[in-house]
Amino acid sequence: MSKNVISFHYTLTDQTGKTLDSSAGGEPLTFLEEAGQIIPGLEAQLRGMKVGDKKHVTIKAKDAYGEHDAGNVMEVPLDKMPTRGIKVGDRFRAGKESYAPVVTVTKVTETHVTLDGNHPLAGMDLTFDVELTQVRGATEDELAHGHAHGLGGHHH
Ligand code: ZN
């Protein structure tokens, strides 16, 4: 099975038109097809585009970072938190392991904090302006590793 490595520039905006992220002025983002490196809805849109093509697409939350799951939200007593002075927007790893999920503080009361384990962009429809800059066949190394190498890709 041959797969491609695709590079593209993007500007990500939310539903109010606010820019959340952009590759403009930097290296394009590079990914290996079918490796789950970018959100599935965007990968589907990039397929079939040619170098130089531009597209304005809106990806529904379920094809982006998923719907917001209330089961991933928990209230924790302040005295169970490892640090003081916690405020809304702070992000923590919910454990010492590097693979522990990252949670975001969404509410602070006098006694409790609310921690949200959803991705910060979960539940949001996302709009991308994309421009395809390169398509090439993946190397054997890239296929074996499951990610793209080189400019904008993975560095070892
Ligand atoms: Zn690699």
Work out, step by step, the length gained on full extension between Ala61 and Asp125: first 0.36 nm times the residue separation, then minus their alpha carbon distance; give nm to one decimal.
22.6 nm
Average silhouette area of the range 56-135, convex hull of alpha-carbon atoms, in square nanometres:
7.5
Quarter of Cα convex hull surface for the range 33-96, i.e. mean projection, nm²:
7.5
I need the GluC sites (Glu not before Pro) found in the range 20-124, filtered to DSSP loop residues with at most 11 other beta carbons within 10 Å of theirs.
Glu97, Glu110
Of Gly66, Ala24, Ser7, farthest towards positive along the dipole that unit charges on Lys, Arg, Asp, Glu beta carbons give the chain
Ala24
Reciprocal of mean inverse Cα separation for the chain (Kirkwood radius, Å)
17.8
Compute the signed sum of charges (Lys and Arg +1, Asp and Glu -1) over the other residues within less than 14 Å, Cβ to Cβ, of Glu67.
-2
For His112, the residues 5 or more places away or on another chain with a placed amide H closer than 5 Å to its own amide H are Leu78
At 222 nm, what value in deg cm²/dmol follows for the chain if DSSP H runs of at least 4 each add -39500 (n - 2.57) and the sum is divided by all its residues, to the nearest 500?
-2000 deg cm²/dmol
Calculate, for the chain, the solvent-accessible area per residue in square angstrom, rolling a 1.4 angstrom probe over the heavy atoms of the protein chains.
61
Taking 0.36 nm per residue of separation and subtracting the Cα-Cα distance, what length does fully extending Asp14 through Thr83 add?
21.7 nm
Can you tell me the alpha carbon radius of gyration of the range 70-116 divided by the globular rule-of-thumb value 2.2 N^0.38 Å?
1.07
Taking Cα pairs under 8 Å and at least six residues apart, what relative contact order does the range 70-116 come out at, in percent?
44
Rounded to 0.05, the calculated FRET efficiency for the beta carbons of Asp90 and Arg136 at R₀ = 41 Å is 0.50
Which pairs in the list Lys60/Lys87; Lys18/Lys107; Lys54/Lys107; Lys55/Lys87; Lys18/Lys62; Lys55/Lys107 are over 32 Å apart, alpha-carbon to alpha-carbon?
Lys54/Lys107; Lys55/Lys87; Lys55/Lys107
Quick one: net charge around Lys3, please, counting Lys, Arg +1 and Asp, Glu -1 for every other residue with C-beta under 13 Å from its C-beta.
-4
Scan of the chain for trypsin sites (Lys or Arg not before Pro) in DSSP loops with at most 10 other beta-carbon atoms within 10 Å gives a longest site-free stretch of 97-156
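The values are calculated or read from the model by the stated rules, or taken from the named source; none is laboratory data. All of these numbers come straight from a predicted model, not from anything done at the bench. Reconstructed Cβ throughout: ideal geometry from the backbone, glycine too, with neighbour counts over all protein chains shown. Ligands, DNA and RNA are excluded from the accessible area calculation, which covers all protein heavy atoms including side chains. Shrake-Rupley method; radii C 1.70, N 1.55, O 1.52, S 1.80 Å.
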